[in-house]
Every structure is written in C-alpha cells, then in structure tokens.
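See below for the structure under consideration.
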2 protein chains.
Amino acid sequence: MVLRCIKCGKEYSENEVRYTCNCGGLLEVKLDIERIKNEIDISQYKKHPPTVWKYSQFLPVKRRVSLQEGGTPLYFTDNLAKYIGLKNLFIKHEGMNPTGSFKDRGMTVGVSKAIELGINKVACASTGNTSASMAAYAAKAQLDAFVIIPSGKIALGKLAQAIIYGAKVIPIKGNFDQSLELVSELCKRKEIYLLNSVNPFRLEGQKTIAFEIWDQLGDVPDQVILPVGNAGNISAIWKGFKEFYDAGIIDKLPKMIGVQALGANPIVRYFKSKEINFEPVEKPETSATAIRIGNPVNWPKAVRAIKESSGTIIDVTDNEIRDAQTLIANKEGIFVEPASAAPIAGLIKLINDDFIKYDETIVAIATGHGLKDPNFVLDSISVPKAVPPNINELLKTIGL
Amino acid sequence: MVLRCIKCGKEYSENEVRYTCNCGGLLEVKLDIERIKNEIDISQYKKHPPTVWKYSQFLPVKRRVSLQEGGTPLYFTDNLAKYIGLKNLFIKHEGMNPTGSFKDRGMTVGVSKAIELGINKVACASTGNTSASMAAYAAKAQLDAFVIIPSGKIALGKLAQAIIYGAKVIPIKGNFDQSLELVSELCKRKEIYLLNSVNPFRLEGQKTIAFEIWDQLGDVPDQVILPVGNAGNISAIWKGFKEFYDAGIIDKLPKMIGVQALGANPIVRYFKSKEINFEPVEKPETSATAIRIGNPVNWPKAVRAIKESSGTIIDVTDNEIRDAQTLIANKEGIFVEPASAAPIAGLIKLINDDFIKYDETIVAIATGHGLKDPNFVLDSISVPKAVPPNINELLKTIGL
C-alpha cells in the first residue's frame with residue numbers, strides 16, 4: 001500500500017503525514033488489489049456484522065475506532081419510483097449512520113489512522129456533517145478535536161452535535177472554502193491531523209458505500225446518483241466500485257451522476273466550459289448547506305469518476321430540492337436533509353432529458369438525515385394554530 | 001393468539017379493533033408460545049437481516065410495512081463505564097431507528113396491523129416521537145395520518161418530521177395526557193386506528209429490543225434501565241424477555257429499572273405511596289419532552305414489569321439529565337435526546353445507593369437520537385463568537 005498522486009503518479013509512504021503531492025495533486029491510497037484478490041473469500045461476508053469493517057481487507061488501517069457505522073438501509077422506493085416514472089429506484093440512506101451522515105464511514109478510518117500515526121489532535125473545516133462526525137469519533141478515541149465552521153451557515157442539529165461531543169468549535173467570518181484554507185494552515189503549523197476529505201484515508205471509508213450497494217442489491221446498479229459538495233464522496237464511491245471490479249468481485253461498473261446546487265455548481269460549469277478551466281464559485285449560495293461549497297477540493301477526482309464512468313453532473317435549484325425532499329418523505333416515509341434530496345430532483349430532470357431510462361436500476365445516495373436540519377422544513381411551513389382541547393373543535397379542524 | 005386483559009383475564013379476538021377491556025383493563029397480545037417453542041430454530045437467526053422482522057415468529061401480524069427498523073447498535077461504552085464506576089455498561093441506541101426513536105419498532109407492527117384490519121386512517125397523540133414514527137410508516141403505506149400534539153411542547157425535529165411525512169398535525173391547547181384522551185375519542189367516533197402505546201400491537205414490535213439485546217450480548221444482562229414516559233416500552237421489553245424465557249431460549253431474566261423525570265414521576269410516587277393509589281401528575285414538567293407525561297396509560301403493565309423482575313423506578317432532575325447527556329456524548333461519541341440520558345443519570349444514583357454493583361452487566365436504553373432536539377443543547381451553551389478568517393486570530397482563539 002502507498003499514497004499515490006493522481007496527477008503526477010509520485011508515490012509516498014502511507015506512514016507519512018501528508019494530504020497532497022509536492023506537485024499539488026491529490027493523493028489516493030493505492031492498495032495491492034492483486035494480493036487482496038488472492039486472499040479474499042466473499043462467501044465469508046455473510047458472517048460479518050453489516051458495518052464498514054465488514055470490508056476490512058479493502059481498508060488501509062489496522063486500528064478501529066468504531067461507532068458501528070455503515071450497514072445503512074438500501075430502500076426499494078417503489079411509491080416514489082412509480083411517481084417519477086422509474087421501475088427500479090433505490091435510496092441508500094446514509095443518514096442512518098451514527099451521527100446522521102455518510103461522513104461516519106470516512107471518519108472511522110480517518111480517526112483510526114490518526115491513532116496509528118500517534119497524533120492526538122484532529123481538525124477539520126465543515127459545513128456541518130464533517131464536524132459532527134469528526135467530533136464523535138474523536139470523543140470515542142478521546143482525542144482533542146478542533147472544528148472551523150463558516151459562521152451562521154451551518155444547520156442547527158450539526159452545530160449542536162459538534163459542541164456536545166466536546167469539540168472546540170471556532171466559527172469564522174467567511175465561507176467553507178476559507179475555513180478549509182485556514183484549517184489546512186493550522187494543521188501544517190501544529191501537530192494536528194487534518195480530517196477533511198482531502199485526507200485520502202477518509203475516502204477509503206466512504207468507498208464502502210459501493211461495496212454495500214453491491215452486497216444489498218446483489219448486483220451493480222446502472223446508475224448511482226448523489227449530491228456533490230466537496231466532491232469526495234463521488235470519488236470515493238467510484239474508487240470502491242473500481243476496486244471490486246479489479247478484484248474480480250463484479251464484472252461491470254455503474255455510471256456516476258453528480259448533482260450540485262445551482263448556486264454552488266463549479267463542476268457543472270467546468271463541464272459546460274468544455275473542461276478548459278476550473279473556476280471556483282466565489283460566493284456559493286444554497287440553502288442545502290451541506291453542498292454550499294464553491295471550491296471543492298476533490299474536483300479532479302470527481303471529474304475523473306464522472307468521465308471514466310460515462311456519467312454526468314447537473315445542477316438543481318433550491319426549490320427543486322425542497323420539492324424533492326417533501327416528495328421522498330411523503331411517498332416513502334424517508335426524511336433526508338436538503339442536500340440529500342438533490343439527487344431525486346436531479347433524477348426528475350434526467351428522466352425528462354432521456355439520460356435515464358425507465359427500466360434502469362438507479363441508486364440515489366441520501367447523504368444525511370433530515371433531522372440534521374429541521375429548520376429547512378419549518379421555515380417553509382406554518383405550524384397550524386392550536387385548537388381548544390375539545391372533541392368537536394378537533395373534528396371541525398380535521399374536517400371528518 | 002388472542003388479546004387478553006391483564007386485569008380480569010377476559011379474552012378477545014385479535015381481529016377486533018379494540019384497545020382496552022370492557023372492565024377498563026389494558027389488553028396484551030397472548031401468543032401461543034408452546035407452538036413457537038416447537039417450531040423455532042434459533043440457529044436460523046444468523047441468516048436473517050438484523051431488523052425487527054428477524055423475530056417474525058414472535059410478531060402477531062403477517063403483513064409488513066417496514067422501513068428496516070431495529071438492528072440498532074449495542075455499544076460497549078467502556079469510557080463511560082470507567083468514569084461512573086461500572087465494568088460492563090452497554091448503551092442500546094434506539095435513536096438509530098429510521099425516524100430516530102424506538103417507536104419505529106412498534107409502528108412497523110401497528111401500521112401493518114391497520115392494513116390487516118383494512119383501516120386506512122391512523123392517529124395518535126404524541127410528545128413527538130410517536131407522531132414522527134407513525135407519520136413515516138403511514139407515508140410508506142400511503143394511509144391518512146392524524147397527529148394530536150400538545151402545543152409548544154414538542155421538540156423541533158419531531159414536529160418537522162410529522163409535517164414533512166405528510167401527517168395532518170393538530171396542536172391542542174393542553175398537555176399530552178389531554179391529547180391522548182382526545183385522540184382516543186376521535187378514533188372511537190370515526191373509523192381511525194389508534195396507534196398510541198395503549199394499542200397492544202405497538203408493544204409487540206417494541207419487545208424485540210429484548211430479543212436483540214440477548215442476540216447482541218450473547219447473554220441476558222443483569223439489569224436493563226430505561227426512561228419511562230407513557231410506560232409502554234418498559235412493559236414491552238419485559239414481555240420480550242419473558243417470551244424468550246417461556247420459549248426456552250433464555251434461562252434467566254434481567255431486573256427492569258425505570259427512570260422518570262422528577263417533574264413527571266407518577267409511577268415513582270405510586271411506589272413511594274406503598275402502591276396504595278395511582279395518582280397522575282396533573283401538570284407534568286420537564287425539558288425532557290419525550291417523558292413529559294403525567295398520566296401514563298401503561299402504568300399497570302410497567303408496575304408489573306418492575307415488580308416481577310425485582311427492579312425499581314427512580315426519578316432524576318432536568319439538570320442531572322443534561323449532565324448525563326453531555327457525559328455520554330463526551331465519553332462515547334453518542335448523542336441521545338434528553339429523555340434518553342435519564343437512564344445514565346439514574347445509574348449514577350443507583351451506583352451510589354448500591355442498588356447496582358460494579359461487575360453487573362447493565363444495558364441502558366437510549367430511546368431517541370440527540371438530533372431530535374438540538375435546541376436542548378443549544379439553549380444551554382453560547383456559540384463562540386466568529387473570528388476573522390486569519391491564521392493568527394485562529395491560533396490565538398484555539399490557544400495553541
């Protein structure tokens with residue numbers, strides 16, 4: 001196992017504390033897939049509890065700081081499928097992880113790596129989910145945790161989480177992209193382990209989403225669609241599918257489809273500009289706070305995933321996100337955070353554009369639980385007026 | 001299988017829409033345990049996905065409206081155990097159910113029963129978790145859902161859930177106990193299925209917590225400790241252990257320990273009064289909204305569970321609850337809602353009182369996720385002031 005630059009190919013030891021290559025390129029963990037291929041016996045998978053660690057042969061750490069992350073439900077969403085004109089639609093509900101988002105899959109590996117490296121301080125910048133997750137795993141491992149957040153731009157539930165888990169939370173007057181720059185500098189200057197998704201070990205945990213989809217579906221779907229913020233997850237899931245392919249476990253690959261918010265869509269713009277120049281969105285805006293990122297650090301990995309898989313990336317408006325969130329809840333009893341509704345909003349567009357066909361098998365990734373951001377729901381509705389505690393008043397109000 | 005009154009023993013068909021006996025007593029589902037005992041092969045359990053339905057032989061319905069509830073983590077909380085002076089402390093995190101509370105276990109059975117009975121409207125009164133859960137399962141089954149809540153006394157996340165899942169939410173000017181009276185009357189007058197925990201089918205789902213504890217621990221714990229609101233869950237879990245005992249799967253039983261909030265402690269008072277007279281608490285008060293119930297409908301079942309198991313019930317203050325919530329999060333990275341912290345607050349007292357010994361195996365039930373009620377956390381802390389996006393300011397703030 002080594003860390004390899006995806007730009008220039010230079011390799012580094014996995015025991016070096018390093019997040020990017022000297023050339024500035026992103027690093028990724030390069031496993032010895034041939035060795036894994038010879039050793040693996042997938043018939044043994046059934047015997048293991050359904051967590052991230054079921055796939056430990058593909059994970060680059062030996063220590064385990066775990067909160068039993070992973071093993072999230074893959075829902076066959078038949079009511080929703082019928083409504084939007086699909087046959088086989090599944091939602092992989094990553095909001096069912098311990099802290100309520102997919103970040104837990106990455107953090108269990110990232111914090112375990114910090115322990116292996118002998119570092120007892122961790123830090124991240126966050127739109128909310130990353131900080132909640134890092135703070136929880138740091139608490140379990142009893143490490144010091146520092147969280148830099150864009151002031152006023154983080155959902156209520158997520159802020160409460162980081163604080164109660166005991167992280168030191170520092171809001172800054174700036175956006176997520178500035179927070180990430182700052183925390184990177186902080187980690188460089190002090191002996192603190194950076195746990196944003198530029199950390200390649202984080203993505204190793206997240207790639208288990210791909211493994212689980214195959215495990216639960218019994219097959220590889222035609223398309224996997226998910227929200228894109230800092231662009232780590234789409235990169236991670238694609239890496240997972242490719243590793244299973246290289247290990248001979250699967251014999252086909254899905255198309256990877258990203259969905260960004262219209263106000264924070266730098267990768268969509270990059271493709272529209274014929275991939276000439278990647279330009280960050282200076283002032284990203286969307287009420288789907290989890291993807292309110294203008295300068296996604298993993299954009300080169302995401303672009304690779306989309307191109308290699310013959311996928312695509314599109315953007316949706318906040319209103320489309322809101323409608324999709326309500327639709328998922330109403331039709332399926334599944335409550336997801338705003339960013340996680342973006343894939344369903346995107347699907348509706350892609351069906352209209354004929355990019356997706358009726359009988360394809362689609363897996364949409366819901367990255368976070370709706371309880372992360374209750375205000376997004378409550379801001380747009382008025383709670384009905386209280387009625388006197390009287391059966392006739394009640395019958396009148398209900399209209400039965 | 002029949003419905004049997006726990007007071008007078010009268011039996012009713014399980015196909016009758018009925019929640020209490022003509023004598024006013026509570027009903028419970030009486031399974032044919034001898035038949036189950038002859039049919040069951042627990043070595044087959046390993047082959048089933050870890051949901052409530054793994055134990056379908058013990059569940060009194062054939063239909064399944066499911067969101068993959070159950071299979072929640074049983075955490076070995078070693079940091080916390082050490083801190084409060086125990087050896088083997090586990091937290092069963094029911095907040096990891098689909099809508100974030102243990103209610104989902106009951107609702108999957110209750111809503112399935114509604115379908116079997118051919119009723120397409122469901123209703124409940126709720127301090128929040130019940131309504132969120134019922135609304136979700138009603139959405140999946142595409143039933144009409146009516147929710148009566150005490151106005152202003154329900155946590156933010158829970159309100160958002162009931163609304164977005166599509167339930168008709170009616171706040172009333174009154175408390176939970178009044179809401180329950182009203183909704184019972186509503187269900188009597190119209191063809192609506194009542195899904196509060198007076199419904200014996202709800203408790204059938206919840207009893208699977210006992211089955212899972214045994215499954216995950218590989219043994220029966222010495223003590224099970226949990227919050228008591230409407231008193232359905234302590235009754236249900238005790239029923240589960242007893243059924244496994246009667247079926248010959250386990251050969252011992254745990255003590256059942258309930259914890260109420262000091263301001264909503266009618267069952268504690270009942271025991272203190274030497275069980276002479278059960279008096280509801282007229283104006284229940286606690287910021288742990290999930291257990292803000294003065295007249296728990298299942299109190300006779302709860303009293304039976306506590307007495308039969310040689311358990312106990314105690315009360316804790318809101319401050320003790322708050323401290324326990326922070327402790328669980330800080331030591332273990334587990335965020336639970338206020339009511340769910342009550343058992344840990346209670347444990348600390350019981351250790352001091354020598355009711356619990358150092359080397360006993362204790363399972364504390366965390367009934368709901370902390371994300372249900374982020375304001376409980378945010379109300380008691382001040383979010384730090386935002387700093388300028390500058391590394392020197394950041395270093396100064398962090399103090400490194």
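The values are calculated or read from the model by the stated rules, or taken from the named source; none is laboratory data. Quick caveat: nothing in here was measured; it's all calculated off a predicted structure. Virtual Cβ from ideal backbone geometry, glycine too; neighbours counted across all protein chains shown. For accessibility, only protein heavy atoms count, side chains too; no ligands or nucleic acids. Shrake-Rupley method; radii C 1.70, N 1.55, O 1.52, S 1.80 Å.
Overview of results
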read-out: Residue selected from the stretch B:190-220 under the condition under 18 Å from B:Phe244 (Cα atoms) and within 14 Å of another protein chain (Cβ to nearest Cβ), by the criterion nearest to the chain's Cα centre (by Cα); value: B:Glu212
read-out: Checklist (1) open to solvent by 10 Å² or more (accessible area, probe 1.4 Å); (2) closer than 20 Å to A:Pro227 by Cα applied to A:Asp104, failing item; value: (1)
read-out: Every residue from the stretch B:268-303 that is out of contact with any strand residue (DSSP E or B) (no Cβ under 8 Å at 6 or more places or on another chain) and outside any loop (DSSP other than H, G, I, E, B); value: B:Arg269, B:Tyr270, B:Lys272, B:Thr289, B:Trp299, B:Val303
read-out: Matching residues, the stretch A:176-205, being touching a residue at least 40 places away in the same chain (Cβ under 8 Å), open to solvent by 30 Å² or more (accessible area, probe 1.4 Å) and among the polar types (S, T, N, Q); value: A:Ser184
read-out: Looking only at the stretch A:158-175, and only at residues there that are under 17 Å from A:Leu67 (Cβ atoms) and over 22 Å from the mean Cα position of the chain (by Cα), the one that is least open to solvent (accessible area, probe 1.4 Å); value: A:Ile164
read-out: Condition broken by B:Asp379, with the remaining ones in (1) at pLDDT 95 or above; (2) open to solvent by 10 Å² or more (accessible area, probe 1.4 Å); (3) out of contact with any helix residue (DSSP H, G or I) (no Cβ under 9 Å at 6 or more places or on another chain) satisfied; value: (1)
read-out: Selection count where residues are farther than 19 Å from B:Gly166 by Cα and not polar (S, T, N, Q), scope the stretch A:380-395; value: 5
read-out: Output for the stretch B:342-365, where each listed residue is touching a Pro at 6+ places or on another chain (Cβ under 9 Å) and either closer than 23 Å to B:Gly263 by Cβ or open to solvent by 10 Å² or more (accessible area, probe 1.4 Å) (or both); value: B:Ala342, B:Pro343, B:Gly346, B:Glu360, B:Thr361, B:Ala364, B:Ile365
read-out: Any hit, the stretch B:109-127, residues being touching an Asp or Glu at 6+ places or on another chain (Cβ under 6 Å), facing chain A (nearest Cβ under 10 Å) and among the β-branched types (Val, Ile, Thr); value: no
read-out: Positions within the stretch A:304-333 being open to solvent by 30 Å² or more (accessible area, probe 1.4 Å) and assigned to a loop (DSSP other than H, G, I, E, B), in sequence order; value: A:Ser310, A:Thr317
read-out: Residues of the stretch B:74-97 that turn out to be without any contact (Cβ under 8 Å) to a residue 60 or more places away in the chain and open to solvent by less than 10 Å² (accessible area, probe 1.4 Å), as a count; value: 2
read-out: Residue count, the stretch A:40-53 (criterion: over 18 Å from A:Lys242 (Cα atoms) and either among the small types (Gly, Ala, Ser) or touching a helix residue (DSSP H, G or I) at 6+ places or on another chain (Cβ under 7 Å) (or both)); value: 3
read-out: Residue list for the stretch B:113-157, filter: surrounded by fewer than 24 Cβ atoms within 10 Å (Cβ to Cβ) and of a type in the set (Ser, Thr, Tyr); value: B:Ser151
read-out: Subset of the stretch B:269-303 [aliphatic (A, V, I, L, M) and either within 25 Å of B:Asn199 (Cβ to Cβ) or buried (at least 23 other Cβ atoms within 10 Å of the Cβ) (or both)]; value: B:Val281, B:Ala288, B:Ala290, B:Ile291, B:Ile293, B:Val297, B:Ala302, B:Val303
read-out: Meets criteria (within 28 Å of A:Tyr137 (Cα to Cα), in contact with a Pro (Cβ under 8 Å, 6 or more places away or on another chain), open to solvent by less than 10 Å² (accessible area, probe 1.4 Å) and touching a residue at least 60 places away in the same chain (Cβ under 8 Å)) for A:Ile213; value: yes
read-out: Elements of type helices (runs of 4 or more DSSP H) in the stretch B:334-400, at least 3 residues being more than 10 Å from chain A (Cβ to nearest Cβ); value: B:338-352
read-out: Complete set of residues in the stretch A:221-246 that are open to solvent by 10 Å² or more (accessible area, probe 1.4 Å) and more than 19 Å from the chain's Cα centre (by Cα); value: A:Asp222, A:Tyr245, A:Asp246
read-out: Qualifying positions in the stretch A:10-39 - free of Cβ contacts under 8 Å to residues at least 24 places away in the same chain and surrounded by fewer than 14 Cβ atoms within 10 Å (Cβ to Cβ); value: A:Glu11, A:Ser13, A:Glu16, A:Asn22, A:Cys23, A:Gly24, A:Glu34, A:Arg35, A:Asn38, A:Glu39
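Residues are listed down the side, and each one gets a yes or a no for (1) closer than 27 Å to B:Phe335 by Cα; (2) more than 7 Å from chain B (Cβ to nearest Cβ):
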residue: A:Pro150; (1), (2): yes, yes
residue: A:Leu156; (1), (2): yes, no
residue: A:Gln161; (1), (2): yes, no
residue: A:Gly166; (1), (2): yes, no
residue: A:Ile172; (1), (2): yes, no
residue: A:Val183; (1), (2): yes, yes
residue: A:Lys188; (1), (2): no, yes
